[in-house]
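Read the structure below first, then the notes.
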Amino acid sequence: MAYPTGPEHPLQCILPPHMLQNIAEHGTAEQRRWAVATLATSEQFRGQRTASAQFPSLAFRAVAVGKQRTIFNADNQTNLPGRTVRSEGDDPTGDAAVDEAYDYSGATYDLYKEVYERNSIDNQGLPLRSTVHYGQGYDNAFWNGQQMVYGDGDEDLPADDRLFNRFTLSIDIVGHELTHGVTQYEAKLVYYEQSGAMNESMSDVFGSLVKQRQLNQTAADADWIIGQGLFTSKVNGVGIRSMKAPGTAYDDPVLGKDPQPAHMNDYKNIDYDNGGVHINSGIPNHAFYVVARELGGFAWEKAGRIWYVALRDKLQAKSNFQDSANLTFLVAGQLYGAGSIEQQAVRTGWSEVGITVSSGNGSTETPDLEGCRELLIRVLGGSR
Amino acid sequence: MQIDFERSGGFMGLRIAASFVLDELDEADAEEVRSLINASNFFSLPARIESGQGMDQFQYRLTVSRQEAFDPEPVSHTVTMGEASAPPEMQMLLRKLTVLARGQQSR
């Protein structure tokens with residue numbers, strides 16, 4: 001009997017590790033091979049490394065311990081990663097971009113580690129590599145699949161023409177880029193249209209939480225601005241995006257007006273920006289803000305945990321806004337109880353952006369569970 | 001020669017779009033743009049250059065239309081590309097057009 005394995009198989013998303021371990025230890029030879037392969041594939045593709053620690057005999061690759069930051073300088077060229085200028089434990093260099101990339105990637109690592117018990121981007125201690133001073137006049141920051149990259153803004157223009165400062169200046173930008181890495185190892189949200197906007201929103205959510213935790217701010221205290229400080233004084237704006245009030249972050253003669261919608265009624269079907277991933281992300285961003293507002297206190301504790309568990313365990317590559325609403329609602333119920341204040345807050349959050357949570361057939365969870373049960377019956381039915 | 005330029009995406013998601021008639025630009029700018037278009041072999045590039053892996057990188061859409069003495073009919077070509085996949089000469093052209101587009105938007 002051949003059992004399917006691979007990253008797309010629903011069993012990987014549902015079967016708890018202890019059940020797989022049972023099969024790996026007590027099943028027939030073929031069942032043991034399947035369970036080990038499933039665990040290994042799940043480890044590789046989903047990033048749930050806690051299973052590794054529980055099953056050392058399965059010989060997964062070693063897990064690195066602690067922060068391992070390296071900052072590179074591209075010297076305003078575009079070759080990556082550039083020359084090493086600061087490694088873990090080194091003293092500050094005096095170069096603001098280098099030291100911000102170091103400190104803020106550390107703060108991001110700490111949020112994931114101390115609050116969500118996640119060991120770096122891949123949950124296996126992946127070293128954090130950042131390149132600063134990338135390119136000339138490079139007004140951007142990005143995650144290239146392996147590392148973070150930051151430009152200096154408009155350093156190549158005369159002072160009076162500059163609109164953007166260096167991109168390491170805002171801690172939430174660093175948290176945003178690192179979270180793209182987390183998403184890459186977990187839900188792998190396809191970077192197009194709604195799943196792409198969810199990918200972007202996850203990065204804004206955890207980027208903002210890194211900042212709020214650094215400042216010890218409650219949801220009520222936080223400004224919920226992404227990229228505060230990035231604009232020079234020449235721009236009429238407070239930042240790049242507002243999670244509290246999408247569409248209001250800037251309104252400038254050169255840059256135009258912040259195009260983000262805050263409600264599904266204003267969703268934008270566009271053929272650029274990968275179908276508007278940085279634009280329609282305003283909708284799930286605002287849903288998260290409302291959940292945090294409803295719950296009060298530190299947003300990373302409950303709202304953040306619900307979103308993190310959804311990203312880690314539930315969302316899938318093509319999850320759209322409705323799926324995300326259903327799955328965060330599901331997670332809130334699992335973490336805090338059905339009908340709990342937390343679950344009601346999630347319903348309210350999505351409702352305020354025009355999405356009604358459906359905990360029935362609309363959930364992507366249902367077919368996976370059924371498929372899981374079926375396959376489990378097949379596996380266990382043939383054992384011993 | 002006319003150029004239609006669009007940059008979208010990036011961390012900021014800011015869209016910049018502008019159209020230029022080369023003969024209407026400053027002489028130095030026009031010469032630099034013409035030279036970079038030639039150096040990049042623009043009319044030989046595929047219509048789409050895939051971006052590859054990564055998030056928050058810029059997306060570009062560039063259309064160049066011309067009717068030179070040696071062109072029996074108007075020629076127009078559009079290339080859509082991600083920044084990481086653009087050839088080096090194209091990177092220089094894209095940066096130049098970004099600065100020109102921003103200048104046009106500020107007027």
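Please determine, by comparing only the residues of the stretch B:1-16 that are open to solvent by 40 Å² or more (accessible area, probe 1.4 Å) and part of a strand (DSSP E or B), which one is farthest from the other protein chains (Cβ to nearest Cβ).
B:Q2
Could you tell me whether the stretch A:217-225 includes any residue that is in contact with a Gly (Cβ under 8 Å, 6 or more places away or on another chain), within 14 Å of chain B (Cβ to nearest Cβ), over 16 Å from A:G349 (Cβ atoms) and open to solvent by 10 Å² or more (accessible area, probe 1.4 Å)?
Yes: one or more hits.
Can you pull out the residues in the stretch B:49-80 that are modelled with pLDDT of 85 or more, within 14 Å of another protein chain (Cβ to nearest Cβ) and over 14 Å from B:I3 (Cβ atoms)?
The answer is B:G54, B:M55, B:D56, B:Q57, B:F58, B:Q59, B:T80.
Strands (runs of 3 or more DSSP E) wholly in the stretch A:95-194 with at least 2 residues that are among the polar types (S, T, N, Q) and open to solvent by less than 10 Å² (accessible area, probe 1.4 Å) - which ones?
Because the criterion is at least 2 residues that are among the polar types (S, T, N, Q) and open to solvent by less than 10 Å² (accessible area, probe 1.4 Å), the strands (runs of 3 or more DSSP E) in the stretch A:95-194 that meet it are A:128-134.
Consider A:Q334 against the criteria (1) out of contact with any strand residue (DSSP E or B) (no Cβ under 8 Å at 6 or more places or on another chain); (2) without any contact (Cβ under 8 Å) to a residue 40 or more places away in the chain; (3) part of a loop (DSSP other than H, G, I, E, B): it satisfies all of them except one. Which criterion is unmet?
Status for A:Q334: all satisfied but (3).
Which residue pairs have Cβ atoms under 6 Å apart, sit 6 or more places apart or on different chains, and have a first residue in the stretch A:218-244 that is assigned by TED's automatic domain parsing to the domain that holds A:N280 and a second that is of a type in the set (S, T, Y) and not in a loop (DSSP other than H, G, I, E, B)?
The qualifying pairs are A:W224/A:Y289; A:I225/A:S242; A:G237/A:Y250; A:M243/A:Y289; A:K244/A:Y289.
In the stretch A:238-273, what count of residues is obtained for those that are within 12 Å of chain B (Cβ to nearest Cβ), over 24 Å from the mean Cα position of the chain (by Cα) and not in a loop (DSSP other than H, G, I, E, B)?
4
Does A:G275 meet the test of being touching a residue at least 40 places away in the same chain (Cβ under 8 Å), surrounded by fewer than 18 Cβ atoms within 10 Å (Cβ to Cβ) and either aliphatic (A, V, I, L, M) or at positive phi (or both)?
So A:G275 fails the test.
Mind telling me which of the residues B:E32, B:E83 ends up being among the acidic types (D, E), within 13 Å of chain A (Cβ to nearest Cβ), surrounded by 13 or more Cβ atoms within 10 Å (Cβ to Cβ) and out of contact with any His (no Cβ under 9 Å at 6 or more places or on another chain)?
B:E83
Just to be sure, is A:L369 out of contact with any Gly (no Cβ under 9 Å at 6 or more places or on another chain), modelled with pLDDT under 95 and open to solvent by 40 Å² or more (accessible area, probe 1.4 Å)?
The answer is yes for A:L369.
Which condition from (1) over 26 Å from A:E200 (Cα atoms); (2) open to solvent by less than 20 Å² (accessible area, probe 1.4 Å); (3) modelled with pLDDT under 95 is the one that A:I377 breaks?
(2)
Among the residues of the stretch A:274-307, write down those that are away from every other protein chain (no Cβ under 14 Å) and outside any helix (DSSP H, G or I).
A:G296, A:G297, A:F298, A:A299, A:W300, A:E301, A:K302
The values are calculated or read from the model by the stated rules, or taken from the named source; none is laboratory data. Since the structure is predicted, the reported quantities are computational estimates derived from the model, not experimental observations. As a convention, Cβ positions derive from the backbone with ideal geometry for all residues, glycine included, and neighbour counts pool all protein chains shown. Heads up: the accessible areas ignore ligands, DNA and RNA and are worked out on the full protein's heavy atoms, side chains in. Shrake-Rupley method; radii C 1.70, N 1.55, O 1.52, S 1.80 Å.
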